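Presented below is the structure to which this report refers.
The values are calculated or read from the model by the stated rules, or taken from the named source; none is laboratory data. Keep in mind the model is a prediction, meaning the values are calculated, not measured. Reconstructed Cβ throughout: ideal geometry from the backbone, glycine too, with neighbour counts over all protein chains shown.
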Amino acid sequence: MQQVEDGMSMAMVVLTLTLIAVVIAYMFLKKNSNNHLPLAEAVAVVANVPPNVPSVHNFQKISDEFSNITELQAGLRKAGLESSDLIIGVDFTKSNSWQGTHSFNGKCLHSLSANVQNPYQIVIQNLGECLEVFDDDHLIPAFGFGDSKTRDTGIFSLNPNGSCNGFKEVLSSYSEQANQVILSGPSK
């Protein structure tokens, strides 16, 4: 996983692993509850809050002490993940500028550099490295929202040709859009 020199790498790894855990918990719980499950229940499971749904009794906590991607993938397989169809959504609201002043050396979280990946690039890359082996068709719909065109009423495809073919294409499509998009007010 890419390291960021300004001390953000650990926070990004934790954020990425938490996101992966929430997604996995949500998929597992949704599968075992006849597709009727709020996302909050998956967050509750990952946060070790006792959930109020009976279908979670079969849920097993995924160890979070992995030292590499291969161990993490093995843990996900052991927890029951066989395949995954992913959708990526990227927030292009102005809050990325405000948040970046506190967490990304004063730069917008979408700032692109040849030497250092921004937080979105790091998360996309980490998710890709971890979950790409579980995606059978490697087609990943990737969308942006909150820019000056869509505001809080729509979305746009990161790849003008439709779904991205694997995470490398998600990453390159994101980078192209991040160079062109005008951030807008916060979404509602």
Problem - Flag if LEU158 is within 16 Å of LEU127 (Cβ to Cβ) and touching a Cys at 6+ places or on another chain (Cβ under 8 Å) - result: yes
Handout entry: Residue that is surrounded by the most Cβ atoms within 10 Å (Cβ to Cβ), among those in the stretch 103-152 that are out of contact with any strand residue (DSSP E or B) (no Cβ under 9 Å at 6 or more places or on another chain) and among the β-branched types (Val, Ile, Thr)
Key = ILE122
Handout entry: the stretch 81-117: number of residues that are over 16 Å from TYR174 (Cβ atoms), part of a loop (DSSP other than H, G, I, E, B) and among the polar types (S, T, N, Q)
Key = 4
Problem - Residue that is surrounded by 17 or more Cβ atoms within 10 Å (Cβ to Cβ), under 28 Å from ASN161 (Cα atoms) and modelled with pLDDT under 90, where the choices are LEU76, LEU72, LEU86, LEU81 - result: LEU86
Exercise for the section: Consider VAL123 carefully, then state whether it is part of a helix (DSSP H, G or I) and at pLDDT 90 or above. Expected result: yes
